[in-house]
Every structure is written in structure tokens, then in C-alpha cells.
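Just so you know, all these numbers are worked out from the coordinates, no wet-lab data involved. Just so it is clear, the structure is predicted and the values come from calculations on it, not from any experiment. Don't worry about glycine lacking a Cβ; one is built from the backbone with ideal geometry, like all the others, and counts go over all protein chains shown.
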Amino acid sequence: MLSPKDYQDAITAQDGCNLSGIVYDFARILPKIWKEAHAAEKGTDYVNTHPICVLFSDKIKDLAKRGPDTFFTAYDKCKNEAAKEHTREG
């Protein structure tokens, strides 16, 4: 189950500057949150709104430097790059 350290890691992550380290810690803690959710007979909404998830996801957003148009620019770039793979396969 979740430990006080897991909650502290979410707080400590707020001072982080390394996206991969933040994501690694988040990925390490997420299975514990899911275990807690299943034990409480809860689902995705419980996990998505868990305080640890809120803190980590907000920090990830912050490190990605998301502005108003950043999402659409990134989405279009990924879509174009993904289409290249389909072109090579076919």
C-alpha cells in the first residue's frame, strides 16, 4: 500500500526539473494507487483524482511548458511522424 514516503515523493517532485525522473517516480507509485483503488472498490476516477496523481500530473504539465497552442502543435507533429511509419509499411 501507499506509504508516507510516496506522499512525500509527490511533494518533493514539485521542486524537480528532470521530466524522466518525475515520470519514473510516478510510474513506481501508480501501481500502489491502483491497488488501493481496487481494495476500496474504486476505479479510474479515484486514481485520476488521487492527491499523488494530481501533484505528479501537474508537475509533468509544468515541465512540458504547455502553453495554449502547445498541445495542438505537439499533436500535429506526432500525427505527421506516425503517418510516416504507415507510409513505410504500405
| message | Looking only at region 8-17, filter to residues that are farther than 12 Å from VAL54 by Cβ and in contact (Cβ under 8 Å) with a residue 12 or more places away in the chain; which one of those is surrounded by the most Cβ atoms within 10 Å (Cβ to Cβ)? | response | ASP9
| query | Within the set of pairs 6 or more residues apart or between chains, which connect a residue that is among the acidic types (Asp, Glu) inside region 18-35 to a residue that is assigned to a helix (DSSP H, G or I) with Cβ atoms less than 8 Å apart? | reply | ASP25/ASP9; ASP25/ALA13; ASP25/PHE56
| remark: Those residues of region 1-56 that are polar (S, T, N, Q) and part of a helix (DSSP H, G or I) come to a total of 6
| field | Residue identified as loosely packed, with under 13 Cβ neighbours inside 10 Å, over 17 Å from the mean Cα position of the chain (by Cα) and among the β-branched types (Val, Ile, Thr) among THR44, THR73 | value | THR73
